[in-house]
Structures are given as C-alpha cells and as structure tokens.
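Since the structure comes first, as structure tokens, the remarks are kept for the end.
The values are calculated or read from the model by the stated rules, or taken from the named source; none is laboratory data. Bear in mind the structure is a predicted one, so any value in this text is a computation, not a measurement. Heads up, the Cβs are rebuilt from the backbone with ideal geometry, glycines too, and the neighbour counts pull from every protein chain shown. Quick note on the areas: whole protein, heavy atoms, side chains included, nothing else; ligands and nucleic acids left out. Shrake-Rupley method; radii C 1.70, N 1.55, O 1.52, S 1.80 Å.
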Amino acid sequence: MKFTDGFWQLRDGVTPVYAQEAYDVCAGEAEVTITAPGKVIERRGDTLNRPTLTVTLSSPLPEVIGVRVEHWQGVRAERGFDLARSEGHVVVEAGEVGATLRAGSLSATVQRGAPWSLAFTAAEQGRERVLTSSGHKSLGYLTVEREGAFVHEQLALGVGELVYGLGERFGPLVKNGQTVDIWNADGGTSSEQAYKNVPFYLTNRGYGVFVNHPGHVSYEVGSESVERVQFSVAGESLEYFVIYGPTPKQILERYTALTGRPASVPAWSYGLWLSTSFTTSYDEATVTSFIDGMAERDLPLSVFHFDCFWMREFNWCDFEWDPRTFPDPDGMLTRLHDKDLRVCVWINPYIGQRSPLFAEAAAAGYLVKRPNGDVWQWDLWQAGMGLVDFTNPDATRWYQDKLRRLVAQGVDCFKTDFGERIPTEVAYFDGSSPERMHNLYTQLYNEAVFEVLTEARGDGDAVLFARSATAGGQTMPVHWGGDNTSSYESMAETLRGGLSLALSGFGFWSHDIGGFEGTPDPGVFKRWTAFGLLSSHSRLHGSDSVRVPWAFDEQAVDVTRIFTKLKLRLMPYLFAAGREAHASGTPVMRPMQLEFPGDPAVDYLDRQYLLGADLLVAPVFSAADVDFYLPAGTWSRLPLDLRPLIDGRAPVEAVEGGRWLHETHGFESLPLYVREGAVLPIGARDDRPDYDYRDGLTLAVFPGADGRRSVTVTTPDGAVAEYVVTRDGSALEAVGPTGPDFVLLDVATGRRAASSGGRAEL
C-alpha cells in the first residue's frame, strides 16, 4: 500500500507515526526490546500523549533474525504461519551505544538515540558486511482515513541490488520497480494477480526477508521509495525475519528450514500425466481410447487424470462418480491400474447447493458462515456453493472421510483445484481473522488432503497436484501454474511464474502443456511439450479441447515420444534432484540466479533454467529461433536420443561458455547443455519412471578439470548407491557398490567400460 505522495508529502488522509529514535534498549538473554517513540524525546513532557512502537529482536534459528513491531500490544493474538524454532544459538551484546543480537554470522544492531537505526550485518572473512538496514522514516505506524491502521517497514536497497521471489508471479522475474500484493486470486497467468502468493523475497546481496503474516501483505519494491523495499500489513503489529545466505541456495535452505521443506514425491509422479481436459465430453470408452492410443504410439504414460466432470454437473463436490458416464467406477479403476497407471481426480473445497453434501455440511456447521450465522454462499463457479470450514476439526475430518472412501476405491492422488476465491465477510469456526484466512485457507485445505494421502500411501508416496498456495505450501507438492493461454507468450510467462516460485522455496512445479485456454497450434504444442517434459512434473491438460498429441499432427507424437523417453532415461538424475529438494530446499528447476549468483549476465535471465544442478534448458518460444546464455566454462550439448551416447557411438560436442548463443531448432530439439565436469547418471529404461536406477546404470562423465565427484543414486524403493568418479588427465575411475554392475562413459571420446566388483576404469 502506498502512503506517500512523492518523496516529500503524504497521501491525503494518512497520519504517520515513525520510529524516531531508540529511546531505551533492554537486552535480555535471547532478545532485545526497544521502545521507539514517534518523536525524539528531548524533555519529560515529550513523553506525554506520545505513541510508541515496541520493537523486539529475536532469533528462531541460526542465521535468521526476527523483528516484531507492535503499536498496541493488547489486541488478540492472530494466526501466523507454522515456523520452526530452536534455542541456544543467540548471543546478545549490550553497551552504552546500543545492542547487538547475533544468530550465527548474522547480526542485528540497534543504535540508542536518534535517528532510528537498525542494521543487519553478516560476518564475512573477518569483517562485518551490511546487508540491509531500517533507517529514518523506515519503520512506521500509519492510520489511513476509511481504511484503518497499518504497520510498515522499509529496508534499504543497495546500488545494483535485485529482488526476486514473492511467490508465483508471471511478470518480470526481477521485482524491482513493482508493487506486489500478497493476496491469492484466481487471475490466470496474464496479470499481476497470482494463485501462489508468498511473503518472502531474496536479493542478490546475500539475504532474504520473510514477513510472518498470512493475510494481505503489500510490497513496494523500489517503487514508492526507490531506495527501499517497503512492506506493510493492516493492524497493530508486523513481524518479519531477515535470513542470511550468503548464497541464494543457502538462503532457500534456511528459509525452508523455517517454514518447511518440500516433501519427497514418488518416482511415478515424474512420468507423463494425461488429462481428460476440463469441459470436453468423455466417458470410460473415451479415457480408454486415449490410454490405448498412447500405448499404440509408444508414448509412455504414468498417470491419468479425471478433471471436474467425473462428478455430475452442479454437484461439485459430492465426490461421487457420475453414473451416466462412469457406471462402474470400481471396475474402471481396477482396469486402469491393470494398465500400470496411477489415477488422479479433481476436487475443490466448495460444495454446490445441489450436492447432497451441502445440506449435510450445513446442518453440521461444517461450512463457513456469514457474521449473522447464515451459511456463506454465492453462485460463482457452482450454484449456491458453500465453503468447507477447515478451521473446524470436525469439518476437516468429515471432508477427509469423503476422500478416504475414494482412496480405498483406488484413487491415487488428488488435484486440489481452487482455494483462492476465499471471502472476507465471514466468520470462521475458530474465530480466525477472515483477512488472515484468505491466503491461509489453501494451506489448511491442502494439509487436509495431503494428510489423507500420506496416511494411505506413506511418506514419500503422497503427491498432490495443487494450484493455490502460500508460505509453507511447498511442504505439500506438486503445484502447477494455473490457467494459461495457448501461445508462445503465455508459455514464456508460465516459465517466469515457475522460476519466481522456485525462488520462493517451492521445490517442484508443473504447468499445462500446450496452455489451458484455447487450442494451441501444432507449433506451440510441440514447443510446450519439450518444455513441459523438461520440467519437474509434466501434464497434458486443456480447457475445452484435448491434449493427446495426435490431435495436432504426427510430428507432435514424435516430439512427445522423444522428450518423454529422454525424461525417463534421466530419472536417476531427476529423482536425486527431487531428494535434494526435500533435504535442502533447493528446487528441481533452478533459476540461473540460483546456480550462478556471481555472474551479472544471469541477473535478469527468465527464459532458461537448470534442471537439477547440471542440465541447462533453454525452451524455444518461437517457431525456430532461440537466444540463450551459457555461463563460463565448458558445456556439452546433450543429444535427445541418449542411446548412441550410452553406447559410445556419439561423442558429444563441447562448447565454451561465457557468451550468448543464437540457435535454430526444429520442433524435435532445443538447447540442452550439460555443465562442465558433470557426472550424469543415466538409466537403462525409457518406458517408465519408477524402476531400479542401479540396474544398467551409465555414469556419463563430461569434460572438466581433474578431481573427484560423487554421485548418489536413490531408487524408488529407497535403496541408496554412492559412486565416486575420479578424473586424472585422460584417465577416469569410478568406484561404487559391488552390484548391480554399471558402465563408466567418457562422453568426450566415447570410451566406455563396464564395472567389475564395483570398479570401472578408463
């Protein structure tokens, strides 16, 4: 929210109280409390009729410092995010000039007296580097006519400092100059609105900032004050955390330690998902024709998804198969499982008035109510629909029991759609603030569903396909990018959204291949298929037209086959990247800024990414041409058909980086490069994602400097194999488990050797 009218003046109706000085500083064992009056206190009379801000410094985890700002402390406590905490890592130092709170290498120092000064520094190589600071007129409590009270903070932006994150946002990846509202909305992918709003950003100066407020947070990123990032919330208090890196990966690691790490997802979920699409007409015969058509064309398929109309129209959600089109759901699910497929069905948290469940839920008090006690309803989406109140434990169990019946029937996972259209003129069962629940609702919704899947499938085998999220939503993957359109421009904005989400702590991400709205021309579909199958998760889905490849042309079938089989061969590598996301918070799809933070040429890149640590992907957003950047080092072009590479018949082409490249590609290719010195574990199968990756494994060693590199291969059933590859000039050696055997491959020369007793040499 903007409070000023230019640099000198305030907007009409705005009355500010700025922290003018640290009047007193009270140092405790693990926190520092500061009284910050709205005027410099020069005499005793200045303390009368004088509002103050109470600022408390603390630390929940090492390298993380929290700042809580309060005007009136008598207001009731409101729901925040679930955060991790530890003890014993805080050091407080106090003196005449002020106090410092240290949490590892990160410090917050407040200076006594005027002007207000709170600085965040990091101990690096024997010196203190200032990360950011809160200075004169940064910290404020403002009342706005007809709008109420707000607390804001402004943190300094350095010269050349760039801001990333704030959730899945489809505009420019660099957020400088933008106004961003953290408020979930069903706005598609072509506006400033977003399905997944996360009050967390990180900068290229080695730190991130997380606002612990699940409701509306307004950001002015170098916009209202071009030298600062401003964030504000309604009410009497504001809490934020500064998180030190210094690398972007370390920032995400510490942020996800605070808010939750991504769950591990099952290997089968990495395979290709095919959907009925939204409003198309389908029954079991249609579904079977799609599945058999994929098999006949040698297009490996892992998951089939039933969208909304698996239930009867106007009845969403009653969790009942439409008997007119699916008269034998139990038998159908058995037949699909016999084809070695997993099944996903669409759900949402809304109960249409015609659904028999509406009366049941309303009578039990399971639906969100208006303040006067009426059930909240409207006619958007489903006629007379109500909203399940997940703050009511009984309502949550009731909803979960409906899902448990589907799981027992044979449903493997759920697409948790919607969760953004959450009203604020309501009263929740537990008394939660409607403003705070607007974004947090999706967290409770997805938690309820994910819990059902986890209890049925076990940790590591539960997976959602979710659209809405906020901070902490990364703990329940996978999320997809929402309603895009069928164009190259929308394909590019979709990628920007995914990269922004990755920089907000989300480890897994997908999108509608071909675009959701409209029908893509064959060129767009084929380009999007390549991009989609080089994402962590891959789904063919549309609105009013199907996305089976042969609906476009025969080349689309070939493109789908090429990139599906490539992904399945890369499963030992991709599954390891997913395990890393679970362990450290590093996403599978990595923005260039995450892997090359010291290279200024990558600062604004948003049309390419790394898949895992070593594969650079540059999707082609046109019929033929693509421009992309290779960072410094030797890069190797990875062929899309890996069989000649594995057999040693096709040594790879090496290219020197540190420069931009322009390439022309047919629809069956795109720029795909392997990082210098990488050891790429390549699987032996291209027909399914869940196999024993050790059996027939190839360790492909790419050009690089002498040294040692270790590779961990984890199989879908949890077996772990460690391989250590050593390069000494032209000599290569790999040491791993004694079985199964593996192949060591020097991709530069095509030389290959099978292991014996867990060792292979070239």
Worksheet item: Going toward the positive end of the dipole of region 310-370, with +1 on Lys and Arg Cβ and -1 on Asp and Glu Cβ, which of A362, L333, C344 do you reach last?
Response: A362
Discussion item. Rounded to the nearest 20 debye, what is the charge dipole size of region 574-617 about its Cα centre when +1 sits on each Lys and Arg Cβ and -1 on each Asp and Glu Cβ?
Written reply: 160 debye
Discussion item. I need the trypsin sites (Lys or Arg not before Pro) found in region 27-60, filtered to DSSP loop residues with at most 11 other beta carbons within 10 Å of theirs.
Written reply: R43
Discussion item. If you filter region 616-701 for GluC sites (Glu not before Pro), then keep DSSP loop positions with at most 13 other Cβ within 10 Å, what is left?
Written reply: E653
Fill in: Most to least packed among 436-444, 149-157, 59-67 [average Cβ atoms within 10 Å]
436-444, 59-67, 149-157
Practice prompt. Report the label-to-label distance for D322 and R79 in nanometres (one decimal), using points 7 Å from each Cα along the Cα→Cβ vector.
Written response: 3.3 nm
Response to the item:
Counting only DSSP loop positions in region 287-388, the GluC sites (Glu not before Pro) whose Cβ has at most 16 other Cβ atoms within 10 Å are E313
Worksheet item: For region 605-762, what is the accessible area per residue in Å², given a 1.4 Å probe and the full set of protein chains?
Response: 40 Å²
Practice prompt. Give the accessible surface of region 519-576 per residue, rounded to a whole number of Å², with probe radius 1.4 Å and ligands, DNA and RNA excluded.
Written response: 20 Å²
Worksheet entry | Pairwise centroid distance, computed over Cα atoms, of region 49-83 with region 535-592, Å | 43 Å
Worksheet item: Based on the Cβ-Cβ distance from D627 to R297, what FRET efficiency comes out when R0 is 30 Å, to the nearest 0.05?
Response: 0.35
Fill in: Value of D in µm² per second that Stokes-Einstein yields for region 62-220, Kirkwood Rh from Cα pairs, at 25 °C (0.890 mPa s)
138 µm²/s
Discussion item. Report the Cα centroid-to-centroid distance between region 192-267 and region 435-502 in angstrom, as an integer.
Written reply: 17 Å
Discussion item. Give the lysines reachable from K175 as a straight Cα distance under 26 Å; neighbours fewer than 8 places away on the same chain don't count.
Written reply: K2, K137, K196, K249
Worksheet entry | Karplus-derived 3J(HN,Hα), 6.51/-1.76/1.60, for each residue of region 193-209, Hz, glycine and proline x | 6, 8, 7, 10, 9, 10, x, 9, 9, 9, 10, 7, 10, x, 8, x, 9
Worksheet item: Which whole-Hz couplings ³J(HN,Hα) result when phi for each residue of region 716-728 is put into the Karplus expression 6.51 cos²θ - 1.76 cosθ + 1.60, θ = phi - 60°, listed in order with x for Gly and Pro?
Response: x, 8, x, 5, 10, 10, 9, 10, 10, 10, 10, 10, 9
Worksheet item: Rounded to the nearest 500, what is the chain's calculated 222 nm mean residue ellipticity when only DSSP H runs of at least 4 contribute -39500 (n - 2.57) each, over all residues?
Response: -6000 deg cm²/dmol
Worksheet item: In square angstrom, what is the accessible area per residue of region 311-460 with a 1.4 angstrom probe?
Response: 38 Å²
Worksheet item: At a 1.4 Å probe, what is the % contribution of carbon and sulfur to the accessible area of the chain?
Response: 48 percent
Response to the item:
Compactness summary of region 520-628: radius of gyration and Dmax from Cα atoms, Å, are 15.3, 45
